[in-house]
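Q: Handing you a structure now.
The values are calculated or read from the model by the stated rules, or taken from the named source; none is laboratory data. Since the structure is predicted, the reported quantities are computational estimates derived from the model, not experimental observations. Glycine also receives a Cβ, built like all others from the backbone with ideal geometry; neighbour counts cover every protein chain displayed. For the accessible areas, the whole protein counts, side chains as well, though only heavy atoms, and no ligand, DNA or RNA atoms are used. Shrake-Rupley method; radii C 1.70, N 1.55, O 1.52, S 1.80 Å.
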Amino acid sequence: MLTLNAFTVFITSALQCLLCLTVWQHPYVNIFKHMRVEEWKKTSREGDVTTYMDKTLMCSVFRIRGSIPASNYILLPKTSTQSLGLTGRYLYLLFRPSPAKHFVVHMDIAAEEGQVIRVSFSNLFKEFKSTATWLQFPFLCGFFYWPGLVGPAPSTVRWTCLMMDLQYILSVYLNRRHSHLKTVKLCANMSVKNMFTSDLQAGLASSLGTGPMPREMSFPVPKGGSWHDLYDYIRWVLHPDPILRLNRIIGFGGATMKCVSLKVALCLRYEICFHTGVSALTFNGNSTVLASAQTGIQSVVRVWNYLKTNCLAMFKTHAHSLSSLSFSYSGGVLCGVGKDGHSKTMVVVWNTLRVTKGGEVSVLAKAHTDVDIQTMKIAFFDDTRMVSCGRDNVRLWRVRSGALRSCPVNLVEYHALDFTDVAFEEGYGCIPNSAGLGFLVSNRFASSRSGHILEIDYGSVAIKNVRRLLPAQQPHAQRREKQTFGMGLGIAVNSISVSSAFCATGSEDGFLRLWPLDFSTVFLEAEHEGPVSLVSVSDDGLSVMAATTSGNLGYLDVSSRGYSTLMRSHTDGVLGFSVDGIRRRITTASCDRTVRVWDMDSMQQLYDFVSEDTPCSVAFHPSLQVFSCGSSSGLVRVFDIASAKLLAEHRQHRGEVVGLAFSPDGEFMYSAGSLGSLALYNSSQEDHHVLRVLGDVLYCTERAPDALTVSSDNRCLAFVGPSEYTVTIMAARSLDELLRVDVSILDVESTTLDSALKVCFSPASTGHLLVTTSANKILWISANTGRLLREVSKVHKHQCSSLAVSEDGRFLLTAGHNAVKVWDYSMQLHVNSQMFIGHSQPIRQVNFAPDQMAVVSVGDAIFFWDFLAHPQETGTDRRSPPKAASVSPPKPGKYKNRDDESSFLSMKPAFIKHSVCLSPSQSTATPELGEEGLRLKAVIGYNGNGRANMVWNPETGLFAYSCGCVVVVENLHTGSQRHWLGHTEEISCLAVTNDAQTVASAAGGSGGSRSLICIWNVQDGTCSNTISYHQGAVQALSFSRDDFFFLTVGDFTDPEVALWSTRTYQLLSRVSVSGPLHDVAFSPSAASQLACVGSHGLYFCNTHTQGLDVELKVQRVCVPEEVGNVELTALCYNANSILFTGTNSGHVCAWDCNTQRCFMTWEADQGEIGVLLCRGNRLLTGSNTRRLRLWGVAAVQGMRGALVLLEQEMMLDGTVVSAAFDDVMDMGIVGTTAGTLWYINWVDNTSIRLISGHKSKVNDVVFSPDESHFATCGEDGSVRVWTAPNNELVVQFQVLNQSCGSACWSPSKGGACVVGGYSDGTLRIFRLASSEMELKLHPHPVAVTAIQYSANGQVILSAGRDGLMAVSSPVTGLTVRLISDHKGAPITTIQCVKKQYKEFGLEGNEMWLAASADRRVSVWAADWMKDKCELLDWLTFPAPANPEESDSLPPSLAAFSPIDPGLVVYTGYGVERELSFYSLAKKRVIKKIALSHWAMCFSLSSKGRLIAVGSKERVLKLIKSSSGRFQDFLHHSDSLQTCRFSPSGKLLFTVAYNEILLWEVRGL
C-alpha cells in the first residue's frame, strides 16, 4: 500500500511523464520528418506512389497517381492500429491536387470521450455528410466551398496550404473534445510536400496577421513576387472563434420583466444571447443562483450560476408564455406560472436542489387553475408554501405528496379588486401555535390597482388590515407629511416589497414611496419619469431598487436619501443608430418618439430629444458634435449636441425619411424619402442648405435606417431604386447618375426575379458595392462597371436586414431576423461565418464601431459586442498598475466650419494623415549597411503638421526637427544635415533631455499597430531604445528636470499619461482620462511634480516612489468660470511654482501650484493658444491667429492679480506649433503650420526664415539644366525656386485660389525661366532674374496636367485633364497647334528630347512623347522652326478588362531612355506589374523588368542605367536596367507621387505629399 508521500511522488512523476509526451510537439511537428516517410519503416504506401522534383517548389515531393483511393495511398503511421499521437490543434497540409482528377484525404481523430472520428475531405464528395463517427466535407480546389461547384481539380490548380482546426471540427459538428490525431491517409491523384501539426496559427505574416510559417514548411516566393499570386491558402474556419462577445446591453423591459435583486442590472450583461426573449427572472435568497424564463410557445427555463455566469440547467416547461418565476430562499424549489396549450393558467413547481452540483431538474407538482395569476412567490420560511394574486383573487398554495393545492383568501367586499403584487413581512419565525395545529407565520401584503393594500393573516387565511393610497390634495412639497390612506379615488400600486423595518411601494403616478409597517405616513419618496412597475428592497434594507415602464432602472439609498440611475432605455423598438467615433458616442432613434445620445464607455444616457413624430433614421457628422434626424413626417432636422440647438430643419420629403448619411469628409449630407425622393445638402455650412432634390429615384418598402451608402473616397452614393430590381450609383457631390445595375438579370439560371434590399460600399475597396437580395444572397458588384464579381447564397434563414464591412475590408457583418453573422470578406474559408443570437425581435441595423473594436446592433434593445478579430498586442511591462483619474465626459464644443482653423488643437489627433497610403510592404529588399545605392543627402522642409516637433539647445547648438518620418539634425552654422531614420509613420512630436544628450521622437502606428517612440543618442545618432505603447498617435513628450523620468501622452483616441524610467525605459505608472489631453510639462523646481491640460481642465500630478514602484497621483482642477466654457490647450511652468495655461479662447491662466488655485487670468490673444513658454519674467504665447507675443509677467510673481505687459509682437506665416528659446528669451526658433522654422530675435525685433517647406501637397520638383537651382510647385498655387546645393529658398511665385500641377525649366542657360501649369488651364512663365511673371498663357479650359519646353525652347507643350495637348509660343503667348489624339483621357506625361529621325524616314531634330491614362503613348517627330510635327508611333499597352477600381489605378508613365532616345520605357496598370522597354526601331517590346508594386512615379537617370520607381506603398525602388538588380528604400511616411533625377544623374528628388527628400546617387 502506498503511503501519502509515496502517492504524491507517484502522481508527480506521472504528470511529468505525461508532460514530456507533449512538450516535444511544440511549437510544431514536421510529420514527414518525424515519421521519416522516405524510409517507409514507420509509414506505408500502396499503388503508384513516387517522388519527383517539383519546379515550382524547387524540392522533392511525393506524388500519388491512380484513381482508386483504396489502391493508391500513403498511410501514416504504418498500420491503422497504430497512432501518431499528435496533440496539435491545427493540421497543415501542403499539397496540390492533380488536374482533372479526384483525390481523398482521411484523418482519424481521437476524442477525449474515447471515440475515434474519421474526418474526410475530397473533391469527389458532392455535399457535406455526417454520422456519429464520420464527417465528409466537399472540397473545391483553389477556392471556398460553394454548393454545386465541387468536382475534378481544374487545370490551373495550384499548390495549396490547407489549415484545419481539428478542435473546432469535432466540437461544432459532433460536440466532441479533440484529444489527438491518430492516422492520416492520403489517397489518389495528388502531390504532397509535407504535413505538420501545431497549437499555433502559422500563416502569411503579410496578409493574415498571423505568425510566420516555419521555413521548412513554407513555399518559396521569388524576389519581387507575391505569395498569393503563386499559391492558395485555405483556412477551415473563421478565426478567432468566437469572433464576437456580448459586452453590454442598453435596454430594460420595465413593463414586463419581474426582477428581484439589485444585481439584476449586472446580470443582464451575461449570456443573455441564449434566450430569444426573457419574460421573468428570479434569484434565490443569497443571490447565487438565477433563473430566467423565455417567452413564446417553446418556453425554456434556464438556471444560472450568477457568480460564474454559466448555465447550470436548461429545461422545457409544460407551459408556454411563462409570466412569473419565483425561487425559494434556499434555491431548492422553483415555481413558475404560464399557460398550457389551451391557454389555461398553469402552475409548475420544480425541484432544483441538485442543480448546483450538476444534477437534473425534476417536476415536483403542477396544477391548472381558472383564476388569474399576476404574481406568485414562494414563502421564505417554507419551500412548500406559496402565495399568488391576480384579478379578483389572492390564493395560498402548498405542495404536499406530489400534489399542488390552493385555497383562496376570504376577501369579503374586496373580492373585485385587481391585485398586482404580494410581499412577505420578514422577521417572523415558524413556530407551532398554542393549539399545536398550524403555524404562526409571517403576514403577507397584497397591492392592487385601486390603491388598496391588504394585510393578510396567513394562519387564518383572512384579511387583517386594509389601507388605501390616495392622491395628495396638498402641494408636492407637503406630500411626504400629508400622504395617508383613506377613502376616495386611489392610486394604482404596481409593486410592493417589505423589509423588517419598512414597506416600499411603486405606483402608477411614478412614485417610489417608503412607509413604516403601520403605513401611518410616507417617510421617503422618489419621483420617476413614468409609472413604477417594480420595487425591491435589498436584503440589508439599505437600498431599494425601482424600475419604470419608461425603461429606467435605479435605486434609492435609504441612509443618504440619494437616488442613482443604473440604466435608461428606450421604451419601444430601436429603429436605427449612428456612432461618433471621435467622442465615443452613439445616437439612436426609436419608435418611442425619442432620439437619445449615449456614452459608449459608461452606457449612460447623455441627451434625449423628444419629437412629436417618430424619428426613423439618424446620422452623426464624421467630425463635429452634430447629428441629423429624419422623421416619419418627412422632416430632416440637424442638431448641435453641445448647445442642444436645432441648427436646421428641412422638409424635402412627403413620406418617411428612410435614409440619412454624411459623406466621410463631412462636406455633404444626404436624405432619402419612402416615396422615392433624394436630397443633397451642404453640411459644411451651419444651415445645411439644400443643393439638389431628385424625385422617384429610390425604392423603399419599409423603414430602412441604412438605405444610403457613400463610398469611403467621397465619390459615389448608392441606393436601391428606382425599382426594387435596380441599384443606382450616383456622383456623391452632384447626384449625377453614374451607373444603374439590374440585379434581377445577374443570375441567368434563376426562374424568379431577384430584387435588391440593402447596399453597402466596402471601405477598403471602393470599387466593391455589396447588395443583399430577396433571394437571400449577397452580391459583390463592381461599382465602376456593374459586373457581378461574386455572390454568396443562403446568407440567413430570413432576409438580410442590414450589412456592413469593416474598415480594413477583412470582415462583413449581416443581420437577418434576430441573428448577427460575421463573415470572412474574401469568402475563402470552408466555414466563412459565425452566427450570434440575442435579440428577441428583428434586428433593424448592425455596424462596426469606427475603431473596429466593437459591433453595435439594434432592434428590441441596443447590443454592444466586443469584436475579437484583432488580438491584444503585448505591451510594455506594467508592474505598477495606474490609478485612473475620475473625470467627466468631454464638454461639447460649438459648431464650426470644417475649414475653420480656430480649434486646430482641441480634440484632434497630433497630426493629420494626408492621403490614403498603404503600409510599407514586408517583401521589400532593403540594402545592407554600406551597400546603399542611394544616400539621403538633405530633407527639404519642416513638418508643420506636428506639434512640439522641433528642439533647440542654445548651449550645445543642438537643433533638430521632423519632416515626415525623418528626424533632421541640422548644423545652423554650416547648414549640413544628419538624419535619424527609425520611424515608418509621420513623426508627431519631439523632446530633448535637459543635458541635450538624448532626444525622443514619437510617431503613430499603422494597420492597428501601436505608436513608436525612439530614443536617440545625440552624439552618434544611434537609436538606443524604443517604446511601443499608445494605441493612437502620441500627443506630447516631456523629460523631468533631473532627466530621471520620461512622460508620454496619447492622443484623443487613447488619452493616457504614461510615466517611464529613463534608465531602462520601463513603464512605471499610467493614468487614463476620459477626455483628450493637449500638453504636458514637468515642474522645473520639483522633479516629482508635473501637470497636464486637456478638454476637461488642468491635472496636477505627483510621482510617489516606494522602493521600485512609482505611483502617479492625479488631481483634476476645473477651468475658472470667468474664462467661460473653454479647453486648456497649452501650459508651462516658471521657476517660482507658478503654472501658466492657455485656452482655446485666447486666455492665459496663472495658477499657484501649492494651492492648485487660479489667481489670475487675462486675454492674451483672440485665438487658440497652442504654445506657451516661460523664461524668468517673460512669457511667450503663440496662437492660431499667427501671432507670437512676448509678455512681461514680473508682477505675477507675487501670486496676486496684477497687470501684465505686452512687450513685443510678431505676425508669422501660420499657426504656431513649436518654440524653443534661450534662458533670457532674447532669441529662439519657432515653427508654424506653413512648414516654416523662424529664427526670432526679440532684441532686434527681427524674424528670419531658417527652414521653409510646402504646407500642402507638392505636385512636381524639377532641376534647372545646370543644376544650380531647382523648382517645386504645389496645391497651394506656389512655384518656389531654391538654390543648390545649400537648398535655400530664393523666390516664391504665388497664385491665389489655384493649384499648380506641374512645372518645368526653360532649356536656355541665360535668362532662365520657370513655367507652371495651373488648375484654371493657364500657363505662367516666371523669370528668375527679375523675380516677376513674364507671361501668362491660357491654352486649356481645364486643369493643366503636364508641361514641357521643347528641346530647343522654341515652344511649350502642355496638356489638360481632357486629353487635349497644346503647342504654345513662350514669346507671343499664342497657341500655335492643338493635338486631340488623346482626347478624353488625361495626359500624365510629356517629354521632349533632341533626336535626328533619318532612320525612321522623317525629317526633324526633336522627338517628344505623351502618355495618357488610357495606357496609350504617342511618339512624335518635330521641327518647330519649320512648324512640323508628325506622329512617329502609337503605343497601346494591354490591361485586364473592366478594372474594378479605375479611379485608384496607377498612372500611365512613359519616358525616353537617356542612353538611347529610340527606346521608350513604359509602366502603368496592366496584366503584370512591370517596366516595358519599347524599341521604336523594332516596333516591339524588347525587355521587361518585374516590379513588386504598381508604380506611381518613375525617373530614368543618364548615369549608370538607373531607374527610380515610387509606389503607393511608400517604397522607393532603385533599379539597374541592364541587370534588373534593385534596392528598396523606406524613408517616406506617405505615398510617393514624384521622383526626378538631376540632369547629371548624380542627385535624385523624391516627394511624398509635402515631404521632399534629396538623395545622392551612388549607383548599383
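Q: Given the residues His1104, His1147, which is the only one that is surrounded by fewer than 23 Cβ atoms within 10 Å (Cβ to Cβ), out of contact with any Gly (no Cβ under 8 Å at 6 or more places or on another chain) and in contact (Cβ under 8 Å) with a residue 24 or more places away in the chain? Step through it out loud before you land on a result.
A: Details: His1104 fails: in contact (Cβ under 8 Å) with a residue 24 or more places away in the chain.
None of the other options fit; the residue is His1147.
Q: In region 2-68, which strands (runs of 3 or more DSSP E) lie fully inside it and hold 2 or more residues that are at pLDDT 90 or above and more than 48 Å from the chain's Cα centre (by Cα)? Walk me through how you get there before you give the answer.
A: On the way: elements: 28-30, 44-46, 48-54, 59-65.
Result: 44-46, 48-54.
Q: Being open to solvent by 40 Å² or more (accessible area, probe 1.4 Å) and assigned to a loop (DSSP other than H, G, I, E, B) is the filter here; which residues of region 152-195 pass it?
A: The answer is Pro152, Pro154, Ser155, Thr156, Arg158, Asn175, Arg176, Arg177.
Q: Go through region 834-846 and give me each residue that's modelled with pLDDT of 85 or more and touching a Leu at 6+ places or on another chain (Cβ under 7 Å).
A: Passing the criteria: Gln834, Phe836, Arg844, Val846.
Q: Okay, moving on. For region 971-983, how many residues are surrounded by fewer than 19 Cβ atoms within 10 Å (Cβ to Cβ) and in contact (Cβ under 8 Å) with a residue 24 or more places away in the chain?
A: Here is the first cut: in region 971-983, the ones surrounded by fewer than 19 Cβ atoms within 10 Å (Cβ to Cβ) are 971-979, 981-982.
If we keep only those that are in contact (Cβ under 8 Å) with a residue 24 or more places away in the chain as well, we get 972, 975, 977-979, 981-982.
Qualifying residue count, region 971-983: 7.
Q: In addition: If I filter region 107-134 down to residues being modelled with pLDDT of 90 or more and open to solvent by less than 30 Å² (accessible area, probe 1.4 Å), which single residue comes out as farthest from Tyr73 (Cα to Cα)?
A: Ranking the candidates gives Ala111 first.
Q: How many residues are open to solvent by 10 Å² or more (accessible area, probe 1.4 Å) and not polar (S, T, N, Q) when one looks only at region 531-555? Spell out the reasoning first.
A: Looking only at region 531-555, we keep the residues that are open to solvent by 10 Å² or more (accessible area, probe 1.4 Å), and these are 531, 533-534, 536-543, 549-550, 552, 555.
Those still in the list that are not polar (S, T, N, Q) too: 531, 534, 537, 539-542, 555.
The qualifying residues number 8.
Q: On to the next question. Name the single residue, out of those in region 196-213 being open to solvent by less than 50 Å² (accessible area, probe 1.4 Å) and out of contact with any Gly (no Cβ under 9 Å at 6 or more places or on another chain), that is modelled with the highest pLDDT.
A: The residue in question is Leu204.
Q: Could you please find all residues in region 1304-1347 being open to solvent by 50 Å² or more (accessible area, probe 1.4 Å) and in a strand (DSSP E or B)?
A: Across region 1304-1347, the qualifying residues are Arg1327, Glu1332, Met1333, Glu1334, Lys1336.
Q: Follow-up. For region 1362-1392, which residues satisfy the criterion of being assigned to a loop (DSSP other than H, G, I, E, B), closer than 22 Å to Val1314 by Cβ and of a type outside the set (A, V, I, L, M)?
A: If we filter region 1362-1392 for residues that are assigned to a loop (DSSP other than H, G, I, E, B), which is where we start, we get 1362-1364, 1369-1374, 1380-1386.
With closer than 22 Å to Val1314 by Cβ added as a condition, the list becomes 1369-1374.
The answer is Ser1369, Pro1370, Thr1372, Gly1373.
Q: Kindly indicate whether Tyr681 is crowded, with 24+ Cβ neighbours inside 10 Å, over 26 Å from Val743 (Cβ atoms) and touching a residue at least 24 places away in the same chain (Cβ under 8 Å). Walk me through it before giving the result.
A: On the way: crowded, with 24+ Cβ neighbours inside 10 Å: yes; over 26 Å from Val743 (Cβ atoms): yes; touching a residue at least 24 places away in the same chain (Cβ under 8 Å): yes.
The answer is yes for Tyr681.
Q: Residues in region 380-396: is at least one of a type outside the set (Ser, Thr, Tyr), more than 21 Å from Leu322 (Cβ to Cβ), open to solvent by 10 Å² or more (accessible area, probe 1.4 Å) and free of Cβ contacts under 8 Å to residues at least 12 places away in the same chain?
A: No.
Q: Could I ask something else about it? Read through the list (1) farther than 17 Å from Ser677 by Cα; (2) open to solvent by less than 20 Å² (accessible area, probe 1.4 Å); (3) not in a strand (DSSP E or B), then give the number of the only condition that His653 fails.
A: (1)
Q: Identify, please: which residue in region 1265-1283 is of a type in the set (Asp, Glu) and over 37 Å from the mean Cα position of the chain (by Cα) and is, among those, farthest from Gln1537 (Cα to Cα)?
A: Per the stated criteria, the residue is Asp1266.
Q: I need the full set of residues from region 1128-1175 which are among the charged types (D, E, K, R), assigned to a strand (DSSP E or B) and either in contact with a His (Cβ under 7 Å, 6 or more places away or on another chain) or within 21 Å of Val1230 (Cα to Cα) (or both), in order please. Write out each step before concluding.
A: Here is the first cut: in region 1128-1175, the ones among the charged types (D, E, K, R) are 1152, 1157, 1163, 1165, 1168, 1175.
Remaining after also requiring assigned to a strand (DSSP E or B): 1152, 1157, 1163, 1175.
Of everything in region 1128-1175, those that are among the charged types (D, E, K, R), assigned to a strand (DSSP E or B) and either in contact with a His (Cβ under 7 Å, 6 or more places away or on another chain) or within 21 Å of Val1230 (Cα to Cα) (or both) turn out to be Glu1163, Arg1175.
Q: Among the numbered criteria (1) within 21 Å of Gly581 (Cα to Cα); (2) touching a Ser or Thr at 6+ places or on another chain (Cβ under 8 Å); (3) modelled with pLDDT of 90 or more, which one does Thr709 miss?
A: (2)
Q: Tell me, which strands (runs of 3 or more DSSP E) lie completely within region 508-601 with 3 or more residues that are under 23 Å from Ala492 (Cα atoms) and touching a Gly at 6+ places or on another chain (Cβ under 8 Å)?
A: Working: elements: 511-516, 524-527, 532-537, 543-548, 553-557, 562-567, 574-580, 585-590, 594-599.
Per the criteria, 532-537, 543-548.
Q: Listed residues Val301, Val221; which is outside any strand (DSSP E or B) and at pLDDT 80 or above? Working first, answer last.
A: Working: Val301 fails: outside any strand (DSSP E or B).
Unique residue meeting the criteria: Val221.
Q: Test Asn1241 against the stated conditions and say whether it is under 22 Å from Asn949 (Cα atoms), open to solvent by less than 50 Å² (accessible area, probe 1.4 Å), of a type outside the set (Lys, Arg) and at pLDDT 90 or above.
A: Values: under 22 Å from Asn949 (Cα atoms): yes; open to solvent by less than 50 Å² (accessible area, probe 1.4 Å): yes; of a type outside the set (Lys, Arg): yes; at pLDDT 90 or above: yes.
Spelling it out, Asn1241 is indeed under 22 Å from Asn949 (Cα atoms), open to solvent by less than 50 Å² (accessible area, probe 1.4 Å), of a type outside the set (Lys, Arg) and at pLDDT 90 or above.
Q: Right, here's the next one. Output the number of residues of region 813-858 satisfying the condition of being open to solvent by 30 Å² or more (accessible area, probe 1.4 Å), more than 27 Å from Pro138 (Cα to Cα) and not in a loop (DSSP other than H, G, I, E, B).
A: Of the residues in region 813-858, 2 are open to solvent by 30 Å² or more (accessible area, probe 1.4 Å), more than 27 Å from Pro138 (Cα to Cα) and not in a loop (DSSP other than H, G, I, E, B).
Residues are listed down the side, and each one gets a yes or a no for (1) of a type in the set (Ser, Thr, Tyr); (2) more than 23 Å from Ser1278 (Cα to Cα); (3) assigned to a loop (DSSP other than H, G, I, E, B):
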| residue | (1), (2), (3) |
| --- | --- |
| Leu1188 | no, yes, no |
| Trp1191 | no, yes, no |
| Gln1208 | no, yes, no |
| Gly1214 | no, no, yes |
| Ala1219 | no, yes, no |
| Met1225 | no, yes, yes |
| Gly1228 | no, yes, no |
| Gly1235 | no, no, yes |
| Ile1240 | no, yes, no |
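Q: If a residue has to be open to solvent by 50 Å² or more (accessible area, probe 1.4 Å), assigned to a strand (DSSP E or B) and under 21 Å from Arg177 (Cβ atoms) to count, how many in region 78-103 make the cut?
A: 0
Q: Could you say which residue among Ile586, Ile582 is over 23 Å from Glu455 (Cα atoms), open to solvent by 10 Å² or more (accessible area, probe 1.4 Å) and among the aliphatic types (A, V, I, L, M)?
A: It is Ile582.
Q: So Val399 clears everything in (1) farther than 18 Å from Arg302 by Cβ; (2) at pLDDT below 90 except one condition, right? Which one?
A: So the condition that Val399 fails would be (2).
Q: Is at least one residue of region 1529-1552 closer than 17 Å to Glu931 by Cα and touching a His at 6+ places or on another chain (Cβ under 9 Å)?
A: Yes - at least one qualifying residue is present in region 1529-1552.
Q: Which condition breaks for Trp1305 when tested against (1) touching a Gly at 6+ places or on another chain (Cβ under 7 Å); (2) under 23 Å from Met1365 (Cβ atoms)?
A: Condition (1) is where Trp1305 drops out.
Q: Here's something else I'd like to know. Specify which of the listed residues (Ala1220, Ala1234) is of a type in the set (Gly, Ala, Ser) and modelled with pLDDT of 90 or more. Walk me through how you get there before you give the answer.
A: Numbers: Ala1234 fails: modelled with pLDDT of 90 or more.
Answer to the selection: Ala1220.
Q: Tell me which of these Arg810 doesn't satisfy, since it passes every other one: (1) touching a residue at least 40 places away in the same chain (Cβ under 8 Å); (2) under 26 Å from Cys700 (Cβ atoms); (3) open to solvent by 30 Å² or more (accessible area, probe 1.4 Å).
A: (2)
Q: To continue, here is another question. Of these, Ser287, Ser330, Ser292, which one is open to solvent by less than 60 Å² (accessible area, probe 1.4 Å), at pLDDT 65 or above and outside any strand (DSSP E or B)?
A: Within the list Ser287, Ser330, Ser292, the selection yields Ser287.
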